[in-house]
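Everything on this sheet refers to the single structure shown next.
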Amino acid sequence: MKKIEHQSLSDRAYNEIREGRREGLFAPIEPLVIRTLAAEYGISVTPIREALQRLVAERLLMVLPNRSIVVPRMTQKRFRELMPIRESLEGMAAELAAERCSDAEIEELTALTAEVEAAANDHDSAKYLAFNREFHFKIYEAARNPELLQLISDLWLKVGPVFTGLFDDDHFKEHANDEHRNILAAITRRDSEAAGRYLRRDIDIASRALLPLMPETGGA
């Protein structure tokens, strides 16, 4: 984790913890200990406490009966509710990216696809998740629609913690980069319909791997 310095420590702590939640750094139901976070970020406990309170108010974190603050556990019911929203918005972003992506961005996506491939082949879950997120958000940024990007970013805040379970599925490990290659090829040839279709398929494949790991209801 990065050290937090300079002014507006509460805001910066909030942003860093929020980003860590999206990237799956905090496992569901694992307590977020204020003093531990303060030591890791190199700041006092007060900004951390204030940041956690804000995230609880936004329902990105929850307080258990024993007063521990944790990431809520995702359920199959809630995940299924979020899936069609993700497929719609992220598919739309891929379609726009195919039309608006620069040649330089396509080169970056090509490099990221190779990084994702290497991480998947090595079964390196941490690297895979980092490069996977970078690949996806490079596409969403290329859509040139800030409002759409914000909506997608908010959705990833909700589902990010569950992505750490992707490599528990053997079939997914072997096919983790298939749709990324298809998405890249579609964007490269400026085929917006195909880019959206493959992006939605990528979400569906990952979702099928993740759903069995979640309780059907409760805990979220």
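The values are calculated or read from the model by the stated rules, or taken from the named source; none is laboratory data. Nothing here was measured: the structure is a model prediction, and the numbers come from that model. Virtual Cβ from ideal backbone geometry, glycine too; neighbours counted across all protein chains shown.
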Q.
For L60, only one of the following conditions fails: (1) under 22 Å from the mean Cα position of the chain (by Cα); (2) modelled with pLDDT under 85. What is its number?
A. (2)
(Q) I'm checking my understanding of the structure. Among residues of the stretch 78-114 that are among the acidic types (D, E) and crowded, with 18+ Cβ neighbours inside 10 Å, which one is farthest from K173 (Cα to Cα)? (A) E95
Q. Do you know which of the residues in the stretch 1-40 that are among the hydroxyl-bearing types (S, T, Y) and under 23 Å from D154 (Cβ atoms) is modelled with the lowest pLDDT?
A. S8
Q. For N182, all conditions in the list (1) out of contact with any Phe, Trp or Tyr (no Cβ under 8 Å at 6 or more places or on another chain); (2) in contact (Cβ under 8 Å) with a residue 12 or more places away in the chain; (3) not aliphatic (A, V, I, L, M) hold save one; what is the number of the exception?
A. (1)
Q. Small (G, A, S) and farther than 14 Å from L129 by Cα, is that true of A206?
A. no
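For every residue, the table says whether it meets (1) part of a loop (DSSP other than H, G, I, E, B); (2) in contact with a helix residue (DSSP H, G or I) (Cβ under 7 Å, 6 or more places away or on another chain); (3) not assigned by TED's automatic domain parsing to the domain that holds P161.
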{"site": "G20", "(1), (2), (3)": "no, no, yes"}
{"site": "F26", "(1), (2), (3)": "yes, yes, yes"}
{"site": "L32", "(1), (2), (3)": "yes, yes, yes"}
{"site": "L37", "(1), (2), (3)": "no, yes, yes"}
{"site": "I43", "(1), (2), (3)": "yes, yes, yes"}
{"site": "R54", "(1), (2), (3)": "no, yes, yes"}
{"site": "R59", "(1), (2), (3)": "yes, no, yes"}
{"site": "P65", "(1), (2), (3)": "yes, no, yes"}
**Q.** The one condition in (1) touching an Asp or Glu at 6+ places or on another chain (Cβ under 7 Å); (2) assigned to a helix (DSSP H, G or I); (3) over 22 Å from H175 (Cα atoms) that V70 fails to fulfil
**A.** (2)
Q: Identify, by number, the condition in (1) buried (at least 19 other Cβ atoms within 10 Å of the Cβ); (2) among the polar types (S, T, N, Q); (3) farther than 28 Å from D170 by Cα that N132 doesn't meet.
A: (3)
